[in-house]
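These notes concern the structure reproduced below.
The values are calculated or read from the model by the stated rules, or taken from the named source; none is laboratory data. Note that the coordinates shown come from a computational prediction; the quantities given were computed from them, not determined experimentally. Here Cβ is always computed from backbone atoms with ideal geometry, including for glycine, and neighbour counts include all displayed protein chains. These area figures cover heavy atoms from the full protein model, side chains too; ligands, DNA and RNA do not enter into them. Shrake-Rupley method; radii C 1.70, N 1.55, O 1.52, S 1.80 Å.
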Amino acid sequence: MDFLTKIVEHKKIEIEERRKIVAESLLRDEARKVRRRPFMKKLSEPGPSGINIIAEIKRASPSKGFLRPDLDPAEYAAEYEKGGAAAISVLTDMDYFKGNSDDLIRARDASSLPVLRKDFIISSYQIYETSAMGADALLLIARILSKEQIKDYLALSNELSIDTIVEVHSEKDLETASYAGAQLIGINNRNLSSFETDPENAARISALLEPWQIAVAASGITGRMDIEKNLTSGIFNFLIGESIVRSGNPAKFIKSLMIKET
């Protein structure tokens, strides 16, 4: 069983356990009370430096193990904003990434930036949950959802006024996302089945996007040189986690990503 299949199978069990604690009907009521911050709007055009950084709060990963186990989400969110990030991404999966919903809540409370919930969403229950916890955007992964599911989840998210980013890795994933009408496309350089990374993938897939779609490059971005390579392909949005978390000085590192090399 590959990584992604294993994670999704575990996620199904996790959702059923959570349903026993909080009914979906209660989440639906809470989901409509949150005042959103603009996520997609901020990413629709380059920021003042010519790029937008979605800085990620990430304690661990299945492939790398612990990155920063003592990470304080509030402290890091404040540093991300100080460094000039356009938005914050928070991994809320506990078993494989050592995150939780409280990380997202604390990160959002500590900054004025829009916050993306990054998890393995396979149910409408999770969308109501995402909305209720205060996220401004959520991630949908094309590889684990059908065209119909993505279309339905985009419609539900729109109803709840929560933005969406649909993650793809291959041409087939992009076809699925485009069929469903996804506008914001996260192009993952990492194959979530094998966790192998191809730094050229975002540039290759971005060339296939429709004019109305917006690209976000993710994974394998370690410095300004990687960003400049993607800029030549027309990509100006970057979701970066590991290299920021490992840097030791998140604000300084984010600023370095925005400075053009001479």
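Count the DSSP beta bridges whose two residues both fall in the chain, then state the antiparallel fraction as a percent rounded to the nearest 5.
Details: 3 of 32 bridges.
Beta bridges within the chain, antiparallel portion: roughly 10 percent.
Here the chain is described by how far its Cα atoms reach on the three principal axes: 56, 38, 37 Å, from widest to narrowest.
Restricting the calculation to Cα atoms, the range 118-203 yields a radius of gyration followed by a Dmax of 12.6, 37 Å. Given a Förster distance of 35 Å, report the FRET efficiency between Ser124 and Lys260 from their Cβ-Cβ distance, rounded to the nearest 0.05. Efficiency, rounded to the nearest 0.05: 0.20.
Using a 1.4 Å probe on the protein heavy atoms, what percent of the accessible area of the chain belongs to carbon and sulfur? Don't jump to the answer; show the numbers that get you there.
Details: 5890 of 11630 Å².
Ligands and nucleic acids excluded, carbon and sulfur reach 51 percent.
Dipole magnitude of the chain about its Cα centre, charges +1 at Lys/Arg Cβ and -1 at Asp/Glu Cβ only, in debye to the nearest 20?
Magnitude of the dipole: close to 460 debye.
So if the hydrodynamic radius of the range 40-86 is defined as the Kirkwood radius over C-alpha pairs, what does Stokes-Einstein give as its diffusion coefficient at 20 °C and 1.002 mPa s, in µm² per second? Rounded, D is 175 µm²/s. Taking the average, over residues, of other Cβ atoms within 10 Å as the packing measure, peptides 40-49, 181-190 rank 181-190, 40-49 from highest down. When all alpha carbon pairs of the range 1-100 are counted in 10 Å bins from zero, the resulting P(r) reads 12, 30, 36, 21, 2 %.
For the chain, what is the accessible area per residue in Å², given a 1.4 Å probe and the full set of protein chains?
Working: 11630 Å² over 262 residues.
Using a 1.4 Å probe on heavy atoms only, each residue of the chain averages 44 Å².
Over all distinct alpha-carbon pairs, what is the Kirkwood Rh of the range 45-173 in angstrom?
Values: mean 1/r = 0.0657 Å⁻¹.
Kirkwood hydrodynamic radius for the range 45-173: 15.2 Å.
Computed packing ranks the peptides 106-114, 206-214 as 106-114, 206-214, most packed first, by mean other Cβ atoms within 10 Å. In summary, the range 115-262 shows an alpha-carbon radius of gyration equal to 1.05 times the 2.2 N^0.38 Å reference for compact globular proteins.
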